[in-house]
Amino acid sequence: GFSPYSVYGIGQMHQGGTAWNRGMGGIGIAARNRRFINILNPASVTARDTLSFMTDLGVTTKFSLFTQDSKKAPNVTMNIEDFVMSFPLWNHTAMMVGINPLSDVGYKITSSKIDLYTTQNTFTSAGNGGIYQVFAAFGGTLWNRLSLGVQGMYVFGNVNKSATQSYADETYRTYHSGDSLQVNNLGVKFGLQYEQPLSTTSFLTLGATYRLSTSMNGHHIQS
(Lines give C-alpha, C1' and ligand atoms only; values in the text may rest on other atoms or scores of the structure.)
Protein backbone atom coordinates (compact mmCIF):
# COMPACT_ATOMS: atom_id res chain seq x y z
CA GLY A 1 0.00 0.00 0.00
CA PHE A 2 0.91 3.66 -0.28
CA SER A 3 -1.06 6.25 1.66
CA PRO A 4 -0.29 8.61 4.57
CA TYR A 5 -3.78 7.80 5.89
CA SER A 6 -2.65 4.23 6.60
CA VAL A 7 -0.69 5.57 9.60
CA TYR A 8 -3.81 5.10 11.73
CA GLY A 9 -4.85 1.82 13.38
CA ILE A 10 -4.40 -1.28 11.24
CA GLY A 11 -4.14 0.77 8.06
CA GLN A 12 -6.36 1.80 5.19
CA MET A 13 -9.35 -0.51 4.82
CA HIS A 14 -10.07 -2.20 1.48
CA GLN A 15 -13.42 -1.81 -0.21
CA GLY A 16 -13.86 -5.57 -0.42
CA GLY A 17 -15.57 -7.72 -3.01
CA THR A 18 -14.49 -9.03 -6.39
CA ALA A 19 -14.00 -6.91 -9.53
CA TRP A 20 -17.69 -7.51 -10.29
CA ASN A 21 -18.68 -5.97 -6.94
CA ARG A 22 -16.30 -3.02 -7.22
CA GLY A 23 -17.40 -2.34 -10.79
CA MET A 24 -20.89 -1.65 -9.44
CA GLY A 25 -19.75 0.69 -6.66
CA GLY A 26 -19.19 -2.03 -4.05
CA ILE A 27 -22.74 -3.42 -3.91
CA GLY A 28 -23.34 -7.13 -3.42
CA ILE A 29 -25.49 -7.82 -0.35
CA ALA A 30 -28.57 -8.41 -2.54
CA ALA A 31 -26.79 -9.24 -5.81
CA ARG A 32 -27.06 -12.64 -7.50
CA ASN A 33 -25.47 -13.66 -10.79
CA ARG A 34 -24.70 -17.06 -12.27
CA ARG A 35 -21.63 -15.78 -14.13
CA PHE A 36 -19.79 -14.01 -11.30
CA ILE A 37 -18.75 -14.85 -7.74
CA ASN A 38 -20.09 -12.52 -5.03
CA ILE A 39 -18.11 -12.70 -1.76
CA LEU A 40 -20.03 -9.96 0.08
CA ASN A 41 -22.94 -12.26 1.00
CA PRO A 42 -22.36 -15.99 1.67
CA ALA A 43 -25.94 -16.74 0.59
CA SER A 44 -25.14 -15.63 -2.96
CA VAL A 45 -22.93 -18.68 -3.53
CA THR A 46 -26.08 -20.61 -4.53
CA ALA A 47 -26.59 -18.37 -7.61
CA ARG A 48 -24.63 -20.56 -10.00
CA ASP A 49 -24.70 -23.34 -12.54
CA THR A 50 -24.96 -26.60 -10.60
CA LEU A 51 -22.36 -28.29 -12.84
CA SER A 52 -19.69 -25.57 -13.05
CA PHE A 53 -16.52 -24.87 -11.10
CA MET A 54 -15.76 -21.13 -10.86
CA THR A 55 -12.58 -19.24 -9.99
CA ASP A 56 -12.01 -15.50 -9.54
CA LEU A 57 -8.63 -13.76 -9.38
CA GLY A 58 -8.60 -9.99 -8.94
CA VAL A 59 -5.55 -7.76 -9.48
CA THR A 60 -5.61 -3.97 -9.08
CA THR A 61 -3.21 -1.23 -10.14
CA LYS A 62 -3.53 2.17 -8.50
CA PHE A 63 -1.79 5.46 -9.22
CA SER A 64 -1.74 7.86 -6.27
CA LEU A 65 -0.65 11.49 -6.12
CA PHE A 66 -0.62 13.22 -2.73
CA THR A 67 0.11 16.94 -2.62
CA GLN A 68 0.68 19.47 0.16
CA ASP A 69 1.74 23.00 -0.81
CA SER A 70 4.64 22.49 -3.21
CA LYS A 71 5.34 18.91 -2.14
CA LYS A 72 4.17 15.99 -4.25
CA ALA A 73 4.31 12.23 -3.65
CA PRO A 74 3.36 10.06 -6.66
CA ASN A 75 3.29 6.28 -6.45
CA VAL A 76 2.05 3.24 -8.37
CA THR A 77 0.99 0.06 -6.54
CA MET A 78 -0.18 -3.32 -7.80
CA ASN A 79 -1.84 -5.89 -5.55
CA ILE A 80 -3.82 -9.11 -5.71
CA GLU A 81 -7.28 -8.20 -4.39
CA ASP A 82 -8.84 -11.65 -4.09
CA PHE A 83 -8.55 -15.30 -5.06
CA VAL A 84 -11.80 -17.27 -4.75
CA MET A 85 -13.01 -20.71 -5.84
CA SER A 86 -16.68 -21.74 -5.92
CA PHE A 87 -18.16 -25.17 -6.54
CA PRO A 88 -21.53 -26.96 -6.16
CA LEU A 89 -22.18 -29.61 -3.49
CA TRP A 90 -25.59 -31.28 -3.55
CA ASN A 91 -29.32 -30.44 -3.64
CA HIS A 92 -29.16 -26.67 -4.26
CA THR A 93 -26.12 -26.16 -2.03
CA ALA A 94 -22.70 -24.74 -2.88
CA MET A 95 -19.49 -23.59 -1.28
CA MET A 96 -16.71 -21.06 -1.86
CA VAL A 97 -13.24 -20.60 -0.37
CA GLY A 98 -10.79 -17.76 -0.83
CA ILE A 99 -8.51 -15.08 0.50
CA ASN A 100 -8.68 -11.29 0.28
CA PRO A 101 -7.00 -8.29 1.98
CA LEU A 102 -8.79 -6.27 4.67
CA SER A 103 -6.29 -3.43 5.12
CA ASP A 104 -2.81 -2.32 4.12
CA VAL A 105 -0.14 -0.06 5.59
CA GLY A 106 2.42 1.77 3.46
CA TYR A 107 3.87 5.19 4.21
CA LYS A 108 7.09 7.09 4.81
CA ILE A 109 6.88 10.65 6.10
CA THR A 110 10.02 12.77 6.54
CA SER A 111 10.32 16.21 8.13
CA SER A 112 13.52 18.27 8.51
CA LYS A 113 14.15 21.44 10.49
CA ILE A 114 16.86 23.50 12.17
CA ASP A 115 16.81 23.51 15.98
CA LEU A 116 17.93 26.21 18.43
CA TYR A 117 21.55 25.04 18.16
CA THR A 118 21.55 25.46 14.33
CA THR A 119 21.76 21.70 13.90
CA GLN A 120 19.64 20.09 11.21
CA ASN A 121 17.55 17.19 12.47
CA THR A 122 15.31 14.88 10.50
CA PHE A 123 12.30 12.97 11.76
CA THR A 124 11.13 9.97 9.73
CA SER A 125 8.01 7.91 10.35
CA ALA A 126 7.48 4.75 8.28
CA GLY A 127 5.17 1.76 8.22
CA ASN A 128 4.31 -1.32 6.19
CA GLY A 129 2.24 -4.48 6.42
CA GLY A 130 -1.36 -5.52 6.09
CA ILE A 131 -4.26 -7.65 7.33
CA TYR A 132 -5.70 -10.54 5.31
CA GLN A 133 -8.71 -12.83 5.54
CA VAL A 134 -9.04 -16.50 4.63
CA PHE A 135 -12.66 -17.63 4.42
CA ALA A 136 -14.93 -20.54 3.59
CA ALA A 137 -18.66 -20.07 2.95
CA PHE A 138 -21.54 -22.53 2.60
CA GLY A 139 -24.99 -21.73 1.24
CA GLY A 140 -28.25 -23.46 0.38
CA THR A 141 -31.54 -22.53 -1.29
CA LEU A 142 -34.98 -23.37 0.13
CA TRP A 143 -38.24 -23.32 -1.87
CA ASN A 144 -36.33 -21.96 -4.89
CA ARG A 145 -36.47 -18.41 -3.47
CA LEU A 146 -34.84 -18.18 -0.04
CA SER A 147 -31.07 -18.66 0.16
CA LEU A 148 -29.19 -18.92 3.45
CA GLY A 149 -25.43 -18.84 3.96
CA VAL A 150 -22.79 -18.96 6.67
CA GLN A 151 -19.15 -17.95 6.38
CA GLY A 152 -16.24 -18.71 8.65
CA MET A 153 -13.10 -16.61 8.42
CA TYR A 154 -9.61 -16.40 9.84
CA VAL A 155 -8.07 -12.92 9.98
CA PHE A 156 -4.29 -12.59 10.24
CA GLY A 157 -1.41 -10.25 9.42
CA ASN A 158 1.12 -7.86 10.86
CA VAL A 159 1.66 -4.11 10.92
CA ASN A 160 5.15 -2.65 11.36
CA LYS A 161 5.73 0.99 12.32
CA SER A 162 8.91 2.90 13.15
CA ALA A 163 10.09 6.43 14.01
CA THR A 164 13.63 7.77 13.65
CA GLN A 165 15.16 11.08 14.81
CA SER A 166 18.55 11.75 13.22
CA TYR A 167 20.95 14.71 13.28
CA ALA A 168 23.40 16.12 10.75
CA ASP A 169 25.85 16.61 13.61
CA GLU A 170 27.26 13.16 14.37
CA THR A 171 27.92 14.14 17.99
CA TYR A 172 24.18 13.81 18.54
CA ARG A 173 22.83 10.34 19.00
CA THR A 174 20.21 9.02 16.56
CA TYR A 175 16.98 7.93 18.23
CA HIS A 176 14.96 5.04 16.81
CA SER A 177 11.80 3.32 18.03
CA GLY A 178 9.52 0.79 16.40
CA ASP A 179 6.79 -1.70 17.06
CA SER A 180 5.31 -4.69 15.27
CA LEU A 181 1.72 -5.78 15.80
CA GLN A 182 0.76 -9.33 14.82
CA VAL A 183 -3.01 -9.90 14.84
CA ASN A 184 -5.32 -12.86 14.31
CA ASN A 185 -8.85 -13.94 15.13
CA LEU A 186 -11.74 -16.13 14.00
CA GLY A 187 -15.06 -14.74 12.82
CA VAL A 188 -18.47 -15.84 11.56
CA LYS A 189 -20.84 -14.07 9.16
CA PHE A 190 -24.40 -15.02 8.22
CA GLY A 191 -26.28 -14.04 5.11
CA LEU A 192 -29.65 -14.42 3.43
CA GLN A 193 -31.20 -13.50 0.09
CA TYR A 194 -34.81 -13.72 -1.06
CA GLU A 195 -35.91 -13.54 -4.70
CA GLN A 196 -39.43 -12.43 -5.59
CA PRO A 197 -40.43 -12.69 -9.28
CA LEU A 198 -42.22 -9.58 -10.56
CA SER A 199 -42.72 -10.73 -14.14
CA THR A 200 -41.26 -13.20 -16.61
CA THR A 201 -38.23 -10.95 -17.13
CA SER A 202 -37.72 -9.15 -13.80
CA PHE A 203 -37.52 -9.96 -10.09
CA LEU A 204 -36.81 -8.30 -6.77
CA THR A 205 -33.95 -9.49 -4.54
CA LEU A 206 -33.67 -8.69 -0.84
CA GLY A 207 -30.45 -9.40 1.04
CA ALA A 208 -28.94 -9.04 4.49
CA THR A 209 -25.74 -10.02 6.30
CA TYR A 210 -24.77 -10.12 9.97
CA ARG A 211 -21.27 -10.60 11.34
CA LEU A 212 -20.70 -11.62 14.94
CA SER A 213 -18.56 -9.24 16.98
CA THR A 214 -15.20 -10.74 17.96
CA SER A 215 -12.14 -9.40 19.74
CA MET A 216 -8.90 -9.17 17.77
CA ASN A 217 -6.10 -11.21 19.28
CA GLY A 218 -2.60 -9.84 18.89
CA HIS A 219 1.04 -9.93 19.87
CA HIS A 220 2.90 -6.65 20.24
CA ILE A 221 6.69 -6.40 19.88
CA GLN A 222 8.38 -3.08 20.70
CA SER A 223 11.93 -2.12 19.86
- Query: What Kirkwood hydrodynamic radius do you get for the chain when you take the inverse of the mean 1/r over all pairs of distinct Cα atoms, in Å?
  - Reply: 20.3 Å
- Item | Estimated FRET transfer efficiency (Thr67, Leu89; beta-carbon r; R0 41 Å; 0.05) | 0.20
- One finds, for Ser199 and Asn33 with R0 = 22 angstrom and r their Cβ-Cβ distance, a FRET efficiency to the nearest 0.05 of 0.70
- Query: Shape call for the stretch 97-157 from the C-alpha gyration tensor, a ≥ b ≥ c root eigenvalues: rounded (a/c under 1.5), prolate (a/b greater than b/c) or oblate?
  - Reply: prolate
- Taking amide H positions as placed in the peptide plane 1.01 Å from N, state which residues far from Thr119 in sequence (5 or more) or on other chains have amide H under 5 Å from it. none
- Note on the structure: Restricted to pairs 8 or more residues apart or on different chains, the lysines in the chain with C-alpha atoms under 24 Å apart form a number of pairs equal to 12
- Once phi is turned into θ = phi - 60°, what whole-Hz ³J(HN,Hα) does the Karplus curve with 6.51, -1.76 and 1.60 give for every residue of the stretch 6-12, x standing for Gly and Pro? 6, 5, 8, x, 8, x, 7
- Accessible area per residue of the chain at 1.4 Å probe, in Å²? 61 Å²
- Message: For the stretch 135-175 and the stretch 60-134, what is the centre-to-centre distance using only Cα atoms, to the nearest Å?
- Response: 11 Å
- Message: Can you give the FRET efficiency to the nearest 0.05 for Met24 and Arg173, using r as the Cβ-Cβ distance and R₀ = 45 Å?
- Response: 0.25
- Query: Roughly how compact is the stretch 34-147, stated as its Cα Rg over 2.2 N^0.38 Å to two decimals?
  - Reply: 1.74
- Task: Work out the charge dipole of the chain with +1 on the Cβ of Lys and Arg and -1 on the Cβ of Asp and Glu about the Cα centre, then indicate which of Ala208, Val97, Tyr8 is farthest towards its positive end.
- Result: Ala208
- Whole-Hz ³J(HN,Hα) from phi, Karplus 6.51 cos²θ - 1.76 cosθ + 1.60, for the stretch 209-217, glycine and proline x: 9, 9, 10, 5, 6, 9, 7, 7, 7
- Message: Can you give me the long-range amide H partners of Ser103? Hydrogens built in the peptide plane at 1.01 Å from N, cutoff under 5 Å, separation of 5 or more residues or another chain.
- Response: His14, Ile131
- Task: Would you mind checking the radius of gyration and Dmax of the stretch 1-89 based on alpha-carbon positions, in Å?
- Result: 17.0, 59
- Message: Under the rule of at least 5 residues apart or a separate chain, name every residue whose amide H is placed under 5 Å from the amide H of Phe66.
- Response: Ala73
- Give, rounded to the nearest 20 debye, the magnitude of the charge dipole that the chain has about its Cα centre when Lys and Arg contribute +1 at Cβ and Asp and Glu contribute -1 at Cβ. 460 debye
- Work through the residues other than Leu146 whose Cβ is under 14 Å from its Cβ and net out their charges, Lys, Arg +1 and Asp, Glu -1. +1
- Item | Contact order relative to length of the stretch 93-202, as percent, for alpha carbon pairs under 8 angstrom and 6 or more apart | 25 percent
- Query: Along the stretch 53-60, what does the Karplus equation 6.51 cos²θ - 1.76 cosθ + 1.60 (θ = phi - 60°) give for ³J(HN,Hα), rounded to whole Hz, x for Gly and Pro?
  - Reply: 10, 10, 9, 10, 10, x, 10, 10
- Please give, to one decimal in nm, the separation of the simple spin-label points placed at Ile114 and Val76, each 7 Å out from Cα toward the Cβ. 3.9 nm
- Message: For the chain, what does the relative contact order come out to in percent, with C-alpha contacts under 8 Å and a separation of six or more?
- Response: 18 percent
- Task: Would you mind counting up the charge near Ala47? Only other residues with Cβ under 10 Å from its Cβ, with Lys and Arg at +1 and Asp and Glu at -1.
- Result: +2
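The values are calculated or read from the model by the stated rules, or taken from the named source; none is laboratory data. The structure presented is a predicted model; accordingly, all values stated were derived computationally and were not measured. All Cβ positions, glycine included, derive from the backbone under ideal geometry; neighbour counts span all protein chains shown. Heavy atoms of the whole protein, side chains included, go into the accessibility calculation; ligands, DNA and RNA do not. Shrake-Rupley method; radii C 1.70, N 1.55, O 1.52, S 1.80 Å.
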